[in-house]
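The values are calculated or read from the model by the stated rules, or taken from the named source; none is laboratory data. Predicted, not measured: the structure shown is a model, and the values here were computed from it. A quick note on method: Cβ atoms are made from the backbone with ideal geometry, for glycine too, and the neighbour counts reach across all protein chains shown.
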Amino acid sequence: MPTRRLAAIMFADIAGYTAMMQADEADGLLRLRRFRAILDESVQKHQGKILQHYGDGSLVLFDSAVEAVASAKEIQLTLLTEPKVPLRIGIHIGDIITEGEYIYGDGVNLASRVESLGTPGSILITERVIYDLRNHPQFQPVSLGKFEFKNVSEPMEVYALSDAGITVPSQNELAERPKVKPSRRAPGRRLSSSPRALVVLAGLMIIFMIAAVFWWRQGSGSSLMERSIPDKSIAVLPFRDLSPGGGQQYFGDGIAEDILNALAQVRALKVAGRTSSFSFRGSESSMQEIGKKLGVGSVLEGSVRKAEGRLRVTAQLVSTEDGYQLWSQRYDRDIDDIFAIQDEIARAVADNLKVILLNGGLQPLTSEPEAYEWYLRGRHMLSQRSEGAERAVEFFERAINIDPGFAAAYAGLGNAYLWLGWSNALSSREAFPQARRYAQQALERDSTLAYAHAILGSVHLWYDWQWEDAFDELERAISLNPSEAGAYLDLGWYHAVAGNFGQAFARMEKAVSLDPLNLEYNIDLADVHRMAGDYGRAREIGLAMQELYPDNSEARWILGMIDYTLKNYTSAVDYFREAVRLSGGEAWSEMHLAMALAKAGQREEAERLLAKLEGEPQVKEAAHVEMAPVYWNLGKRQAALNWLERSYEWHANWMVSLKMDPLWREMRGEARFEILVGKMGFP
């Protein structure tokens with residue numbers, strides 16, 4: 001049951017933080033951390049409680065107005081010293097309502113609106129606070145006049161603390177602000193949130209609310225909360241698992257992915273890709289930082305809780321402009337009632353808002369809750385790429401066994417086999433036909449599934465070498481879902497194979513714009529720039545990825561490939577050694593190290609590595625194309641060509657690079673090599 005009590009409510013935020021971050025991100029983060037450290041220390045000293053950090057601001061409760069004002073003064077005076085933090089503080093006494101994980105009420109909203117009147121260095125308080133300060137002469141408040149606030153029937157007098165060192169807003173500054181202040185909704189507090197199981201319903205309800213926000217803003221020209229969301233763009237973060245004992249993270253990922261995929265169908269929205277959004281799992285980054293890195297104006301975050309047959313999902317939509325909460329909601333459901341009312345909610349989204357459209361209506365992925373659970377587990381494992389692909393296969397197969405009509409599970413199974421092939425965990429001739437088979441089975445069940453068309457296009461490109469079929473499938477995927485980033489990436493590779501690097505850059509840049517922190521997409525874009533001879537741009541992307549993913553082997557690999565192509569062999573060796581170390585000695589990284597060692601004059605070590613690789617069953621069975629340059633650089637030219645011919649017979653995926661990659665420049669002109677290029681029938 002909700003409980004109500006009186007409290008002193010303090011809002012504080014950094015003025016101009018967005019501009020500060022744009023000017024100097026490191027400096028902005030330094031000041032934010034300083035603000036939070038000073039706040040934590042002062043609030044604890046004055047017996048307060050920080051309820052929430054929201055980007056560049058914080059919501060705090062005190063039992064005493066005197067302690068609240070004393071803490072605010074202490075914080076402002078401390079932040080006057082370098083590095084200065086331009087803080088605004090607002091304090092109000094009012095009712096707060098506690099209901100489960102939430103704290104909200106008009107008192108919370110009013111405190112945030114009072115704070116928004118302030119200027120850097122100021123402390124604004126309401127007349128209710130003044131009453132409690134009447135016997136405390138150490139505080140010197142001055143009246144700023146009466147202001148009208150939303151949902152407050154009478155104008156309310158606002159005061160500024162005028163103690164030494166504290167800024168009092170001038171009348172000119174106040175004159176620039178409307179006396180009737182816009183509503184600036186305060187973040188409702190979730191002290192804990194909750195996880196998700198089989199939760200298509202809650203996901204759709206959340207989608208409905210988000211779509212309503214954007215539709216209202218777009219269609220009416222007015223602001224739902226009298227604030228603007230720039231760019232009509234959104235990122236969906238993975239929902240946190242708060243289930244007793246944990247172990248339900250895949251549910252949190254699943255609901256976030258359901259929402260993300262459905263929002264991707266709204267053409268008016270830019271939706272950040274899954275990999276980029278999920279890279280912020282557990283991050284302490286502010287909403288402003290996330291918005292800047294992903295290029296979005298709002299972020300959806302939430303949590304799921306599954307316990308004793310009950311499911312609770314909480315979600316909040318936050319503006320990345322200033323970290324303020326735009327909307328929040330909580331859903332409590334019995335797990336077994338989700339599918340009964342899913343279609344009703346879906347129809348409401350499609351019919352009433354006309355923004356989320358999938359062939360006349362959004363349909364449930366499956367009517368079998370247990371199948372959906374295994375599907376979510378599979379998607380969670382697949383997010384770990386090659387490391388989780390084998391387990392993903394197992395989970396998708398379980399989903400299909402329960403519901404043989406589950407199209408998305410077939411597509412997921414196809415994608416898992418793609419990753420097993422790309423990572424050489426299986427040979428191309430084992431992995432890619434399986435990926436094709438399951439993509440086709442997905443399309444037999446749902447011919448409009450963009451995800452399955454993208455997988456089929458990928459198989460046609462990397463394994464079948466059916467270039468026009470690949471192009472058609474990838475274009476079909478994009479027409480069905482303009483946010484299918486993987487299809488843009490492979491379409492970029494198609495154009496690169498055809499020698500149209502300008503078109504390749506455009507398609508890959510689109511993939512990166514949809515999923516800007518996706519390592520795979522960025523590395524591929526850098527690699528195509530390398531092949532095109534644009535080494536500066538390739539290195540710029542590679543260095544950015546190395547900074548973002550300092551423990552990832554692929555970022556070192558691409559930098560090594562750039563130096564190798566430029567014949568800076570010693571530097572290439574250094575990068576490839578790091579790739580070997582960070583990958584745990586995976587065969588692909590050792591191949592590249594061996595080929596660079598041979599070119600750098602370190603033949604003995606290169607020979608040792610080659611002997612080691614020749615003895616590994618995985619290398620023999622997978623027919624890695626990259627073994628050919630190792631033989632070639634060690635003077636074993638016929639062995640190199642023999643290896644390439646076997647790779648052709650086995651349809652090894654990297655054979656597509658023979659015509660476009662400078663890696664093969666020394667072999668060009670060799671009759672056997674040119675015969676292979678002719679057999680490939682490149683577009």
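In the set G16, G48, only one residue is modelled with pLDDT under 90 and not acidic (D, E); that residue is G16. Within segment 519-539, being free of Cβ contacts under 8 Å to residues at least 12 places away in the same chain and under 25 Å from the mean Cα position of the chain (by Cα) holds for one residue alone: R537. Restricting the search to segment 455-483, which residues are at pLDDT 95 or above and not in a helix (DSSP H, G or I)? Correct list: W465, Q466. Consider segment 567-590 and keep the residues that are on the phi < 0 side of the Ramachandran plot and either among the basic types (K, R) or in contact (Cβ under 8 Å) with a residue 60 or more places away in the chain (or both). The one that is surrounded by the most Cβ atoms within 10 Å (Cβ to Cβ) is W588. Among the residues of segment 458-504, those that are under 19 Å from W422 (Cα atoms) and either free of Cβ contacts under 8 Å to residues at least 40 places away in the same chain or among the acidic types (D, E) (or both) comprise H460, D464, Q466, A470, L474, G486, A487, Y488, L489, D490, L491, G492. When each of L382, L418, L426 is tested for being of a type outside the set (D, E, K, R) and either touching a strand residue (DSSP E or B) at 6+ places or on another chain (Cβ under 8 Å) or modelled with pLDDT of 90 or more (or both), the lone residue that passes is L418.
When D56 is tested against (1) modelled with pLDDT under 90; (2) of a type in the set (D, E); (3) more than 33 Å from the chain's Cα centre (by Cα), exactly one condition is not met: (3).
Every listed requirement among (1) crowded, with 24+ Cβ neighbours inside 10 Å; (2) at pLDDT below 90 is met by S447 save one, (1). Is there a residue in segment 498-511 that is touching a Leu at 6+ places or on another chain (Cβ under 6 Å), more than 21 Å from H453 (Cβ to Cβ) and either basic (K, R) or outside the structural domain of K270 (by TED's automatic domain parsing) (or both)? No: zero hits. Selection within segment 388-412: residues that are touching an Asp or Glu at 6+ places or on another chain (Cβ under 7 Å) and not β-branched (V, I, T). The member of this set that is surrounded by the most Cβ atoms within 10 Å (Cβ to Cβ) is A407. When V266 is tested against (1) over 25 Å from A26 (Cβ atoms); (2) modelled with pLDDT of 70 or more; (3) of a type in the set (V, I, T), only condition (2) is not met.
Out of (1) in contact (Cβ under 8 Å) with a residue 40 or more places away in the chain; (2) under 19 Å from K612 (Cβ atoms), what's the single condition that is false for M655? Of everything listed in (1) in contact (Cβ under 8 Å) with a residue 40 or more places away in the chain; (2) under 19 Å from K612 (Cβ atoms), M655 misses just condition (2).
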